[in-house]
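The structure under discussion appears below in the form of structure tokens.
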Amino acid sequence: DLQEATKAAGEEAKTKVISDWQNFKNESDSAIAGVEKQIIELKEKIAKANKKEREKLNTDLGKIEQKLNEQKEKLKQKNAEFEANLKKVDNAVEAKNESFKREFKHDMDELGTALKGMFKDNVK
């Protein structure tokens, strides 16, 4: 009975970790899509700016796009790692995932702030 209870608890924990990861990944994919949409909108605004501002804004936007691509790659790698480690899900994996989730959300928030701040500094 004890072995069955332990196995059931392990399966329940594994199911929770999988569910939490999927929710995080879905939220992250939505956040990335939102930033990509903002980038498209900003490109349209940048096209209307004068030449000097346009050059600076394009440079700034390029940096943001590079950071976004880095975030997408980090998420892709972490997802592959998660799926590879799925067979041995335990508390250490869950803690590691939580740490990654916090860092990823923080980085995405910084990207959003950088996008919002681009025109505040340059267009009056």
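Since every read-out is calculated from the coordinates, none of them should be taken as a lab result. Small disclaimer: the values here were computed from a predicted structure and weren't measured. Note that we place each Cβ from the backbone using ideal geometry, even for glycine, and neighbour counts take in every protein chain shown.
Between 0 and 90 degrees, the angle of helix 51-85 with respect to the longest Cα principal axis of the chain falls at about 10 degrees. Of the Cα atoms belonging to the chain, the radius of gyration and Dmax stand at 20.0, 74 Å. Put simply, region 27-69 fits an ellipsoid with semi-axes of 22, 11, 4 Å; these come from the alpha carbon gyration tensor as the roots of five times its eigenvalues, largest first. With the simple model of a label 7 Å out from the Cα in the direction of the Cβ, Glu81 to Leu2 spans 3.5 nm. Working note: 222 nm ellipticity from helices only, DSSP H runs with n ≥ 4, each -39,500 (n - 2.57), summed and divided by the residues of the chain, gives -34000 deg cm²/dmol to the nearest 500.
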